[in-house]
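All remarks here apply to the structure that follows.
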């Protein structure tokens, strides 16, 4: 929702206006005051708590990444069904745009929590808003629209808003792309701006088409999976990385040895197991039995005393064979 500025105080850099009001906007929507009010209260209280009361909400420029200032005061006007704010503009460039009449109003940014047809006018859609920021915007006003500027010396004068040219949306888009605004937020804000500017100045020109092409390319690139880049921000992480490399090398060295050991074990498993033997029995190979004839022939060449000594020793060492 766009609502024109009402007054600017140069001495304190305060800009007065409405954050939202229960009135139809150019998109044919109405912000439902009763259901939206609690969400604005919660949003403002969260900022007050986070800043120890220094800010009651964030003020941005053109729904972009520029933090223009803060909400200095907020009032919930139940009778008029509107939320009145005073925004303190900190950024020098943004304040200069207020003084020059470039910024013409406030616009609430956030999300729809609920939408439904207006019971009194089915052509209008009511909605419950969940705010995330309030922005200074340069959406065009009627030619006779103006705001009151209170100068630093206290003098008051009526200032006309600067005429908005057809490059304003293009310049906003280019500024956000070059500032590195998140692609997801940027494309959402961009289409919101188009929706609100449908009845304003012509949007389509060659320069805008080029920027749209850039925006599309950057959004597509942002959605593509990228290889993770390792950055050792902690010495412990770097140490773990070195140890992981050492483990990988050790594993590579052990792998062939484990393969060889596995083959040997499998070979042993394939070797037949000797049959079980009764207690006191001894295995005698056939080759040993067939060698007795040659042993007898050898003993025959010895003297009787020498042969007897050999047989006695053999019987003592192998009693089952020679006993």
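Beta carbons closer than 6 Å, at least 6 apart along the sequence or on distinct chains, pair a first residue in the range 42-57 that is in contact (Cβ under 8 Å) with a residue 40 or more places away in the chain and assigned by TED's automatic domain parsing to the domain that holds residue 76 with a second that is surrounded by 17 or more Cβ atoms within 10 Å (Cβ to Cβ) and not in a loop (DSSP other than H, G, I, E, B) for 43/131; 57/44; 57/47; 57/71. For residue 35, the criteria (1) under 27 Å from the mean Cα position of the chain (by Cα); (2) within 30 Å of residue 119 (Cα to Cα) hold in every case but one, which is (1). Here the condition is being surrounded by 14 or more Cβ atoms within 10 Å (Cβ to Cβ) and out of contact with any strand residue (DSSP E or B) (no Cβ under 7 Å at 6 or more places or on another chain); of 48, 34, 67, 61, it holds for 48 alone. The single residue among 288, 315 that is modelled with pLDDT under 60, surrounded by 10 or more Cβ atoms within 10 Å (Cβ to Cβ), touching a helix residue (DSSP H, G or I) at 6+ places or on another chain (Cβ under 9 Å) and part of a helix (DSSP H, G or I) turns out to be 288. Evaluated against (1) at pLDDT below 90; (2) surrounded by 20 or more Cβ atoms within 10 Å (Cβ to Cβ), residue 25 falls short on exactly one condition, (2).
Within the range 107-120, being touching a residue at least 40 places away in the same chain (Cβ under 8 Å) and part of a loop (DSSP other than H, G, I, E, B) holds for one residue alone: 118. Filtered by the rule that a residue be surrounded by 22 or more Cβ atoms within 10 Å (Cβ to Cβ) and assigned to a loop (DSSP other than H, G, I, E, B), the range 4-22 gives a lone residue, 5.
Return yes or no: is residue 135 closer than 30 Å to residue 158 by Cα and either touching a strand residue (DSSP E or B) at 6+ places or on another chain (Cβ under 8 Å) or in a strand (DSSP E or B) (or both)? Against the criterion (closer than 30 Å to residue 158 by Cα and either touching a strand residue (DSSP E or B) at 6+ places or on another chain (Cβ under 8 Å) or in a strand (DSSP E or B) (or both)), residue 135 qualifies.
When the residues of the range 73-106 are filtered to those that are assigned to a loop (DSSP other than H, G, I, E, B) and touching a residue at least 60 places away in the same chain (Cβ under 8 Å), which remaining residue is farthest from residue 40 (Cα to Cα)? Break it down stepwise before answering.
First pass over the range 73-106, keeping only residues assigned to a loop (DSSP other than H, G, I, E, B): 78-81, 90-91, 100-104.
Remaining after also requiring touching a residue at least 60 places away in the same chain (Cβ under 8 Å): 81, 90, 100-104.
Values: 81: 13, 90: 22, 100: 30, 101: 27, 102: 27, 103: 23, 104: 22 Å.
Selected residue: 100.
Screening 75, 126 for residues that are over 32 Å from the mean Cα position of the chain (by Cα), buried (at least 17 other Cβ atoms within 10 Å of the Cβ) and farther than 15 Å from residue 9 by Cα leaves exactly one candidate, 126.
The values are calculated or read from the model by the stated rules, or taken from the named source; none is laboratory data. This one's a predicted model, so the numbers in the text were calculated from it and none came from an experiment. Neighbour counts are summed over all protein chains in view; Cβ atoms, including those assigned to glycine, are modelled from backbone coordinates with ideal geometry.
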